[in-house]
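Okay, so here's the structure we're looking at.
The values are calculated or read from the model by the stated rules, or taken from the named source; none is laboratory data. Treat the numbers as computed from the prediction; the structure is a model and nothing was measured. Here the Cβ positions follow ideal geometry from the backbone for every residue, glycine too, while neighbour counts run over all protein chains shown. Only protein heavy atoms, including side chains, enter the accessible area calculation; ligands, DNA and RNA are left aside. Shrake-Rupley method; radii C 1.70, N 1.55, O 1.52, S 1.80 Å.
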Amino acid sequence: MSIKIRQGNFEKMGVRSSEHEATFTFECKNGDNTAILLYPKKGGKEIRVDIPADFRIGTMVSITVQGISLLDYDYNFVLNDHVINDPYAVSIVGREKWGDESRLQEGFVPKSRFVVSDFDWTGDRRPKLADEDMLMYKLHVRCFTMQGKAKGKARGTFRGVAEAIPYLNELGVTVVEMMPVYEFEELMQPAPKNTLLNYASWKAEREEKETKKKVEKAPVKLNVWGYRDANYMAPKLSYACTDDAERELKELVHTLHENGMECILEFFFPEGHSGGYIVEILRHWVRDYHIDGFHLLGYGIPMNQILTDPLLSDTKIFAPGFTEEFISGNKEKNRLFVYNEEYLYPARKMLNRLEMNLNDLVREIVKTHAAQGFVNYIAANNGFTMNDLFSYAEKHNEANGEGNIDGSNWNYSANYGEEGVSRRKAVLADRKRQLRNAFSLLLLSKGVPLIYEGDECGNSKNGNNNSYCQDNAISYVEWSVRKRDRELTEFIKQLIEFRKNHPVLTDRAMYTHTCRPESGLPEISYHGENAWMSGPEYGRCAIGILYCGEYVLMPNGKPDDMLYVAYNFMGGQQSLALPKLPYEGDWMKIMDTAVEGEAFLETPERTRDQKIMLPGRSVRIYIGQKKPAKRRKKK
């Protein structure tokens, strides 16, 4: 092959290719020995193209290689005799098989691949959901689809997630967040474990034993979650059931959009990446994959660059928090979202009666902000599942091989009488009620609710609260058909539908605590044993929250209902005041988690008393029903 080289143009990092030439641009330090390696796709000897020292500006090198079609080759870079991937590569080959230990052989390096996309995005429309319309569902592509939500080769893949979209749609999900789907190496290099030498043998044959220490091969662990350094611009090949991960992921995003659902990707960045590089990664996924938002974790996140980048100006950003500067400067109402641990801990504490503080929880239930949203969750991948939160008092991470010292010790969980799996009816009844209570709390709170994969059907990880390395049934969602799980799923569907039909629960307006003339009521009010309190009573663990529907219009243009949500986190019954309605009518009880089976009542119960006795560990919903106007008799 006859090839020629010339200095490149430094315009764009990574690779650009035309029919008969390719330009490679990457970063290096002055004095580095640099080259391009070309690997023929149809086999044959690799080609090394050394880069002259004067093909550099600053710490960048750029070379144009003429006489090749890059579609016929894979490639890598060489820096001081170390072969590395192109950090800007949009495809990486070599990790097609999940967990293939042959990749641990010395000298293995995956190859970068140049790709020309022909995916047809015609007609694609990003949903651009307002936060009041967002209900998030977080999943791991492999763990979500390995047992039952996909068929055959689609299990563990993007296509498997696409096959589950009708289920998610029926549940009421509008936003799907996926844990890392970029090309990470799941294999973790095992460290050799030296066996102890027998002292007597060593003394007798010390010279031989000193040079022949036995090495025990440690089992290979997998980083299933992918929170590590990676090839951030390439989709993960082993998450595809074909050899085209790019097309499968784009088809998934396109199908989500067709169903009115947004796609959020989670990214983790360790220390060492430049802000400019991180911004280019996000721009790539928005431009080429039509991604709707990013959940950003790690170090050195260039938030100012991200939030001021024109291409990312309407992209949703999820983070542990934002500085006041970013919040005050944000002009897009539905753009910034805080992953709200301030909700998780008070919720767990109150539900399991551990270090309870009702004031902390109520503040989170009604918390809103004009310039940022809050993602509320009680369970996620990093911690117990919702089921295990009420089944295990302690973490059980022994299977991770780290002596059960990994994972959080601050779980605020309880087992309700027996650790782990139980057949005792009383234990199971308590756990079922607590699951109903937890989802009621989550879906009746003001922020954006997030459900973790499988929690809606009682999925368990056997008490493992840090299953990052479990590529097995511990991590896989068990899509069971047990009656109690179906009941929970149906209950959650009803809660989501109720939330959707009552915008007073999701309205993001800041509260003025002034009374509207039509009703004489504030937007939100609190009620304990006595009505009309300024907040939760000190030392009590029961409260009623009244949402005044007069402040919020429904899609039909009429004001929403008066809603009264009653919570009792104590084990015994508690008395709550039910305030008088501002119009002629009665309170109707429509949901009660203390009711076995159908918590949403088939026939609402009229309540005329101004006091209600709320059973222990229960949540109720009341709706104010107006009496029909009396017809005047004709004269």
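Only a single item in (1) of a type in the set (Val, Ile, Thr); (2) within 28 Å of the chain's Cα centre (by Cα); (3) under 18 Å from Trp285 (Cβ atoms) is not met by Val93, and it is number (3). When the residues of the stretch 17-42 are filtered to those that are among the small types (Gly, Ala, Ser) and in contact with a helix residue (DSSP H, G or I) (Cβ under 8 Å, 6 or more places away or on another chain), which remaining residue is most open to solvent (accessible area, probe 1.4 Å)? Of everything passing the filter in the stretch 17-42, Ser17 is most open to solvent (accessible area, probe 1.4 Å). Filtered by the rule that a residue be buried (at least 19 other Cβ atoms within 10 Å of the Cβ) and either hydrophobic (A, V, I, L, M, F, W, C) or touching a Gly at 6+ places or on another chain (Cβ under 6 Å) (or both), the stretch 229-249 gives Ala230, Met233, Ala234, Leu237, Ala240, Ala245, Leu249.
Would you mind listing the strands (runs of 3 or more DSSP E) fully within the stretch 43-105 where at least 1 residues are open to solvent by less than 60 Å² (accessible area, probe 1.4 Å) and among the charged types (D, E, K, R)?
On the way: elements: 47-50, 60-66, 73-79, 82-84.
It comes to 73-79.
Kindly establish whether Trp202 is at pLDDT below 95 and either of a type in the set (Gly, Ala, Ser) or open to solvent by 10 Å² or more (accessible area, probe 1.4 Å) (or both). Spelling it out, Trp202 is indeed at pLDDT below 95 and either of a type in the set (Gly, Ala, Ser) or open to solvent by 10 Å² or more (accessible area, probe 1.4 Å) (or both).
A Cβ distance below 7 Å, combined with a sequence gap of six or more or placement on separate chains, defines the contacts here; from the stretch 162-181, residues that are in contact (Cβ under 8 Å) with a residue 24 or more places away in the chain reach residues that are of a type in the set (S, T, N, Q) and buried (at least 20 other Cβ atoms within 10 Å of the Cβ) in the pairs Met179/Asn381.
Look at Phe114 and say whether it is touching a Ser or Thr at 6+ places or on another chain (Cβ under 6 Å) and open to solvent by 20 Å² or more (accessible area, probe 1.4 Å). Yes.
Quick one: in the stretch 476-496, which of the residues that are aliphatic (A, V, I, L, M) and more than 12 Å from Glu170 (Cβ to Cβ) is surrounded by the fewest Cβ atoms within 10 Å (Cβ to Cβ)? In this case the residue turns out to be Val481. Can you find even one residue in the stretch 258-278 that is among the small types (Gly, Ala, Ser), in a loop (DSSP other than H, G, I, E, B), touching a helix residue (DSSP H, G or I) at 6+ places or on another chain (Cβ under 9 Å) and within 26 Å of Val176 (Cβ to Cβ)? Yes, there is a match, as at least one residue in the stretch 258-278 is among the small types (Gly, Ala, Ser), in a loop (DSSP other than H, G, I, E, B), touching a helix residue (DSSP H, G or I) at 6+ places or on another chain (Cβ under 9 Å) and within 26 Å of Val176 (Cβ to Cβ). Within the stretch 380-390, not a single residue is under 25 Å from Gly539 (Cβ atoms), open to solvent by 20 Å² or more (accessible area, probe 1.4 Å) and at pLDDT 95 or above. Scanning the stretch 572-582 for residues that are open to solvent by 40 Å² or more (accessible area, probe 1.4 Å) and either of a type in the set (S, T, N, Q) or touching a Lys or Arg at 6+ places or on another chain (Cβ under 7 Å) (or both) yields Gln573, Gln574. If you check Asp124 against the conditions, is it farther than 23 Å from Phe269 by Cα and either in contact with a helix residue (DSSP H, G or I) (Cβ under 6 Å, 6 or more places away or on another chain) or of a type in the set (Phe, Trp, Tyr) (or both)? Answer is yes for this residue. Within the stretch 289-306, is there a residue that is open to solvent by less than 40 Å² (accessible area, probe 1.4 Å), over 22 Å from Gln372 (Cβ atoms), among the aliphatic types (A, V, I, L, M) and touching a Phe, Trp or Tyr at 6+ places or on another chain (Cβ under 6 Å)? No, because not a single residue in the stretch 289-306 is open to solvent by less than 40 Å² (accessible area, probe 1.4 Å), over 22 Å from Gln372 (Cβ atoms), among the aliphatic types (A, V, I, L, M) and touching a Phe, Trp or Tyr at 6+ places or on another chain (Cβ under 6 Å).
For Ala473, state whether it is assigned to a helix (DSSP H, G or I) and within 30 Å of Glu185 (Cα to Cα). No, not satisfied. Does Leu428 fit the bill of being within 24 Å of Ala130 (Cα to Cα) and among the aliphatic types (A, V, I, L, M)? Against the criterion (within 24 Å of Ala130 (Cα to Cα) and among the aliphatic types (A, V, I, L, M)), Leu428 does not qualify. If you go through the stretch 607-620 and pick out every residue that is assigned to a strand (DSSP E or B) and at pLDDT 95 or above, you end up with 6. Filtering the stretch 161-192 to residues that are over 16 Å from the mean Cα position of the chain (by Cα), under 19 Å from Ile264 (Cα atoms) and in a strand (DSSP E or B) leaves only Glu183. Scanning the stretch 517-546 for residues that are under 35 Å from the mean Cα position of the chain (by Cα) and aliphatic (A, V, I, L, M) yields Ile524, Ala542, Ile543, Ile545, Leu546.
Of all residues in the stretch 134-151, which are of a type in the set (Lys, Arg) and either over 17 Å from Thr174 (Cβ atoms) or open to solvent by 10 Å² or more (accessible area, probe 1.4 Å) (or both)?
Looking only at the stretch 134-151, we keep the residues that are of a type in the set (Lys, Arg), and these are 138, 142, 149, 151.
Those that are of a type in the set (Lys, Arg) and either over 17 Å from Thr174 (Cβ atoms) or open to solvent by 10 Å² or more (accessible area, probe 1.4 Å) (or both): Arg142, Lys149, Lys151.
It is to be established whether one or more residues within the stretch 117-133 are in a helix (DSSP H, G or I), at positive phi and open to solvent by 50 Å² or more (accessible area, probe 1.4 Å). No, because not a single residue in the stretch 117-133 is in a helix (DSSP H, G or I), at positive phi and open to solvent by 50 Å² or more (accessible area, probe 1.4 Å).
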